[in-house]
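Computed from the coordinates by the stated procedures, all read-outs in this text should not be read as laboratory data. Quick caveat: nothing in here was measured; it's all calculated off a predicted structure. Neighbour counts are summed over all protein chains in view; Cβ atoms, including those assigned to glycine, are modelled from backbone coordinates with ideal geometry.
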Amino acid sequence: MKIGIIGIGNVGLQVLKDIQLNEKINNFLSIEKILVRNKDKYFKILESEFGSKSLLLEKLTDNFNNFINSDIDTVIELIGGSDPAKDYVISALSSGKNVVTANKEIIASSIEELTSLAHSKKVKIRFEAAVGAGIPLLEVLIDMLKQNNISKITGIINGTSNYILSSMYYSNKSFDESLIEAQNLGFAESDPTNDIGGFDAMYKVCILGSIAFGAKVPIESVSVKGIENLSQKDIKYSRELGFVIKLLAVTENKSSKIYSNVAPYLVPENHPLAKVSDNYNAVEINGDLIGNLWLQGQGAGKLSTTSAVIGDLVGIEKNTSGNLMLDQKKLNFLSDDETIGKKYIRLNVEDKFGVLEKIAGIFSNNKVSIASVIQKEVDNKGLADLVIMTHESLGSNLNNALVEIGRLEFIQENPTTYEIYEL
């Protein structure tokens, strides 16, 4: 297999090393072209890594036409982002070349278009590294679909956010302290918005849902809430109630309508997801025949991502995996307002007579049933936290109640709400 690589950052460089140095694969995988933005800069990097006599130095180019018109049959895209990565991938497929990519953004937004193009050109596109990195998640999911109907996928699929939440839970650190720690260890980018805002997980859950349900799950159909506003208070209170807060991505078929979301959930402490710590990922897939299937491993980092990329290359070369094709059917989607679930709610209120009665009345008028209420200690300003757990309620009813409650004169902060994950 003659390979062209686009981009040699941390992952690209590791892929180069593994192909060059791994005797199991370098006898049938050959690097023929390397496309970079700055040829002089990356010449020095490759020279430092592989030596001044390395043949890789001759294969560098900063001209895409030179790259795509060369004698390569498979393109590895590792630059990330949408532009120009998507154009590069489309050009490669249109030129009759296989594509392996770790680019979750373009796969999530264009999975239908790209898989259809690959099918029409009789080539393959593989993107295992776009979701679970070293976890063979997509391979298992596609194999399950041969004999199972998938009803639900739930996962911790962002290692950065999981590391931060683990640090807050086990070390009692603030969100800001935990984020800095994650950045110092290389688990978080200098701009962590995609991770802590839930957008990285959003792209991944779109891919999982699209494959599981056989048609595109568009980005705009996914409800997204990140962890950037999470307080140590909520970590503490949830622990006292027997829960661990995790950023979960969920995609589910509910009576022929798809609901997908990314949000912090209170997970019962005896559930396996509650025990997934640090930068690890874990996914639970529910199939009608197999029941619940559990996959766990390192979901981020250059080594695990490289493992997935090379696995895709070997799969193409050995023809061990079939082409993914989505149906052209249109799925129906549920909004947050249409879903039913239990909620954790924290209200910061003035500690005075009639507060709880007023709040309870608003919930009752909006058909939201309260399961429990705990008042935490009163501070020196005469303010207290009310922690409310609800029974199952309709999303629109709960949202209406919270809007009313937020307008009350004794409410000091906007209500804090989190989902409760049910076993």
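The orientation-averaged projection of the convex hull spanning the C-alpha atoms of the stretch 2-130 amounts to 7.5 square nanometres. Between Asn399, Asn365, Asn172, the residue with the greatest mean-square fluctuation in the GNM of the chain (Cα pairs under 10 Å linked by springs) is Asn365. Summing +1 for each Lys or Arg and -1 for each Asp or Glu among the other residues whose beta-carbon sits under 11 angstrom from that of Lys342 gives -2.
Counting every alpha-carbon pair across the stretch 147-218, the share separated by more than 15 Å comes to 59%. Based on the Kirkwood approach, the hydrodynamic radius assigned to the stretch 203-266 is 13.0 Å, with every pair of different Cα atoms included. Rounded to whole numbers, the Karplus 3J(HN,Hα) couplings from phi for the stretch 272-286 are x, 4, 5, 9, 7, 10, 6, 8, 7, 10, 8, 9, 10, 10, 9 Hz, using 6.51 cos²θ - 1.76 cosθ + 1.60 with θ = phi - 60°, and x at Gly and Pro. As a length-normalised measure over Cα pairs under 8 Å and 6 or more apart, the relative contact order of the chain settles at 15 percent.
Each residue in Glu422, Glu317 was given a count of other beta-carbon atoms within 10 angstrom of its own, and listing them fewest first yields Glu422, Glu317. With neighbour counts taken as other beta-carbon atoms within 10 Å, the residues Lys104, Lys146 rank, fewest first, as Lys146, Lys104. Taking the DSSP bridge list for the chain and keeping only pairs wholly inside it, about 70 percent are antiparallel. When the alpha carbon gyration tensor of the stretch 137-298 is reduced to an equivalent ellipsoid, its three semi-axes come out at 28, 16, 14 angstrom, largest first.
For the chain, the ratio of Cα radius of gyration to the globular rule of thumb 2.2 N^0.38 Å stands at 1.10. A DSSP coil position with no more than 15 other Cβ atoms inside 10 Å describes the following trypsin sites (Lys or Arg not before Pro) in the stretch 1-78: Lys24, Arg37, Lys53. Along the stretch 61-76 the Karplus relation, 6.51 cos²θ - 1.76 cosθ + 1.60 evaluated at θ = phi - 60°, assigns HN-Hα couplings of 8, 10, 10, 5, 4, 4, 5, 6, 8, 7, 7, 10, 10, 9, 10, 9 Hz to successive residues, with x for each Gly and Pro.
Neighbour counts of other Cβ atoms within 10 Å put Asp234, Asp200 in the fewest-to-most order Asp234, Asp200.
Remark on the stretch 184-234: Rg and Dmax equal 13.7, 41 Å (Cα only). For the stretch 268-309, how big is the tail of P(r) above 15 Å, as a whole percent of Cα pairs? Percent of Cα pairs beyond 15 Å in the stretch 268-309: 54. When the Cα convex hull of the stretch 79-197 is projected onto planes of every orientation, the mean area is 9.3 nm². The C-alpha atoms of the stretch 329-423 occupy a region whose extents along the principal axes are 59, 27, 19 Å, arranged from largest to smallest.
Cross-link reach is defined here as a Cα-Cα straight distance under 19 Å, omitting same-chain residues fewer than 8 places apart; for Lys173 the lysines meeting it are Lys233, Lys236, Lys246, Lys275.
Convex hull volume of the Cα atoms of the stretch 1-74, normalised per residue: 82 Å³.
The phi-based Karplus calculation (6.51 cos²θ - 1.76 cosθ + 1.60; θ = phi - 60°) puts the 3J(HN,Hα) values of the stretch 249-266 at 10, 10, 9, 8, 9, 10, 6, 6, 10, 9, 10, 10, 8, 10, 6, x, 10, 8 Hz, whole numbers, x for Gly and Pro.
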